[in-house]
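Everything on this sheet refers to the single structure shown next.
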Amino acid sequence: MKDHRFASPQIESVLERSIDRRDLLREAIAGAGGLVGLSLLEPASSAAADTPKRGGNLRVAILGGTSADTLDAHAEVTQTDVTRAQWLYEPLVELDRDGHLINVLAESIEANVTATEWTIRLRKGVTFHNGRPVTANDLAATFKRIGNPKAPKAGASSLLAVDLDGLKVLDNLTLRVPMHSPFAALPECISQSFNFGVVPSDYDPKTPVGTGPFKYQSFAPGQQSVFSRFDGYWKSGQPYLDAVTLIDFPADTAAFNALQGTEVDAFLFAPLALSKQAGDQIQALVSRPGQWTPFTMRVDQAPFNNVDVRQAFRFIVDRQQMINLALSGQGAVGNDVFAWWDPAYDHSLLRERDVDKAKYLLKKAGLENLTVELVTGDISSGVLQAAQVFAQQARDAGVTVKVRQVTVDIFFGDQYLKWPFAQDFWGYSPYLSQVVQSMLPSSPYNETHWNDERYYKLYNQAQATLDQAKRAEIIAAMQKLDFEEGGYIIPSYNKTLDLLRQNVRGVVPTAIGLSGLGNGAISEIWIE
């Protein structure tokens, strides 16, 4: 990809308008007389070699909290929800910092030769926060709670193939899981820790109990959450902290000022521009590209029910320029297909900006001089800036984009997933796992309203194929449909930034981009 810089004075103008919040942050630094600066935390930081110390309350600033925030193990939507869930609960399996699948509460997960039955054996010696041991009965109850057809949770689509009535407890730690149809990718499809935390059979989200390193102490939605160390945690010697407090802030300037004034110890998902500063009191934890913040086009609603319009909008985007302006250069070019770290990802699918092609496709659709509304909110770093940059780039193709910014609670309110043209944020998931979350008619977050019979047929073939090489060939065919006809515009895979006081240790960068503090590895963090 060519490095397209400032293409026009109009783009320079929109940059000035769209990063005004980041300018305020720079002014805050200058106003402090340069006393507070940043140093980049590298993966091989010497801090990781230090001996962890026990104690302390880690105070964490985060944006995006609302009055609708939840502690429910299986109903998370916002980044604040996800963060709390990763501290309270644990899944059977999850993705490590490099995107590899690892066991957590599962000792083993094995399929029969046709992937029509899976046997799950739980790790020994794990207890819930209330002291009860985790059993196969609890796992069965967790699956049934998530997949309850009368009140399905966010992960229900991943369990549609599971015969919930046929779950069989073989012994105290072993559960047999029959399928209605072959499901070869079960482990990766239940790897989202925020959707599949194992809970006790009598679970009550009002007084939440999990197996995570921290247990519930208090919760004020949209304001503050406090958790205390779980002394019975199964990882020996962890967690190191006595407590962790998640504090909701209304704006990044307020969060940064709190960090600067030592009122908090960390600021999750901070503006990426701050990673370029230098100093010795605040460290910058920069992830590898993993998060993606797509533009979402509803394929079932005009004008995006016309594939020519969808492709035209994709050709409008100058991807490197958007990374430079909206992400301060902190990202890798995306090509409208998700799951960049998946071994089956097709890196041959590339799309350059082509304004003439965009104009041709719009004319072919009879929609020259098109006007659309783009709904956005301050839901993740760089999203608002990307909306403004896209609007400027679209003018070159004769398209008028009216950017409508709403508050976070409105964005994720009743109209969420219904906006014809909007934005969103995702952390990395393996390809088939992401498909289950957002690309099937049954998906909880099918924001593009994608419903393609060819695609669904390929998905079923992939789930019936245990051979990874053969499954990768099927996934490649699915990705080709994504690339040629899908409703996502994915300009980039983004880095994410956490700002930490220098005395916060044990944090390592991640490639997942799902949550802060080294992908939520809160049990490993300590304060010096």
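The values are calculated or read from the model by the stated rules, or taken from the named source; none is laboratory data. On a predicted model such as this, the values are computed, not experimentally measured, just so you know. Cβ atoms come from the backbone with ideal geometry, glycine included; neighbour counts cover every protein chain shown.
Give, as residue ranges, the strands (runs of 3 or more DSSP E) completely inside segment 180-296 that count at least 3 residues that are modelled with pLDDT of 95 or more. Quick ask: steps written out before the conclusion?
On the way: elements: 214-220, 224-229, 243-249, 282-286.
Counting at least 3 such residues, we get 214-220, 224-229, 243-249.
So which of Ala255, Ala266, Ala251, Ala243 ends up being touching a Ser or Thr at 6+ places or on another chain (Cβ under 7 Å) and either within 27 Å of Asp69 (Cβ to Cβ) or among the hydrophobic types (A, V, I, L, M, F, W, C) (or both)?
On the way: Ala255 fails: touching a Ser or Thr at 6+ places or on another chain (Cβ under 7 Å); Ala266 fails: touching a Ser or Thr at 6+ places or on another chain (Cβ under 7 Å); Ala251 fails: touching a Ser or Thr at 6+ places or on another chain (Cβ under 7 Å).
Only one candidate qualifies: Ala243.
Only one entry in Asp308, Asp231 is surrounded by fewer than 24 Cβ atoms within 10 Å (Cβ to Cβ), without any contact (Cβ under 8 Å) to a residue 60 or more places away in the chain and in contact with a helix residue (DSSP H, G or I) (Cβ under 7 Å, 6 or more places away or on another chain), namely Asp308.
The number of residues in segment 152-174 being over 14 Å from Ala73 (Cα atoms) and either among the small types (Gly, Ala, Ser) or part of a loop (DSSP other than H, G, I, E, B) (or both) comes to 9.
All of Leu327, Leu272 fail the test of being in the same structural domain as Gly513 (by TED's automatic domain parsing) and of a type outside the set (Val, Ile, Thr), apart from Leu272. Set side by side, the residues Tyr488, Tyr459, Tyr445, Tyr455 differ, and just one is on the phi < 0 side of the Ramachandran plot, of a type in the set (Phe, Trp, Tyr) and buried (at least 24 other Cβ atoms within 10 Å of the Cβ), which is Tyr488. One residue stands out among those in segment 485-505 that are over 25 Å from Ala394 (Cα atoms) and not in a strand (DSSP E or B): the one that is modelled with the lowest pLDDT, which is Thr496.
Output the number of residues of segment 311-334 satisfying the condition of being in contact with a Ser or Thr (Cβ under 9 Å, 6 or more places away or on another chain) and over 19 Å from Asp346 (Cβ atoms).
Filtering segment 311-334 down to residues in contact with a Ser or Thr (Cβ under 9 Å, 6 or more places away or on another chain) leaves 319-320, 322-323, 325-328, 330-334.
With the extra rule that they be over 19 Å from Asp346 (Cβ atoms), the set shrinks to 320, 322-323, 325-328, 330-331.
Total satisfying the criteria: 9.
Note on segment 67-121: residues that are without any contact (Cβ under 8 Å) to a residue 12 or more places away in the chain, more than 18 Å from Gln192 (Cβ to Cβ) and outside any loop (DSSP other than H, G, I, E, B) amount to 1. Any idea which of (1) more than 24 Å from Lys418 (Cα to Cα); (2) within 25 Å of the chain's Cα centre (by Cα); (3) buried (at least 19 other Cβ atoms within 10 Å of the Cβ) is the one Gln437 doesn't satisfy? So Gln437 meets the others, but not (1).
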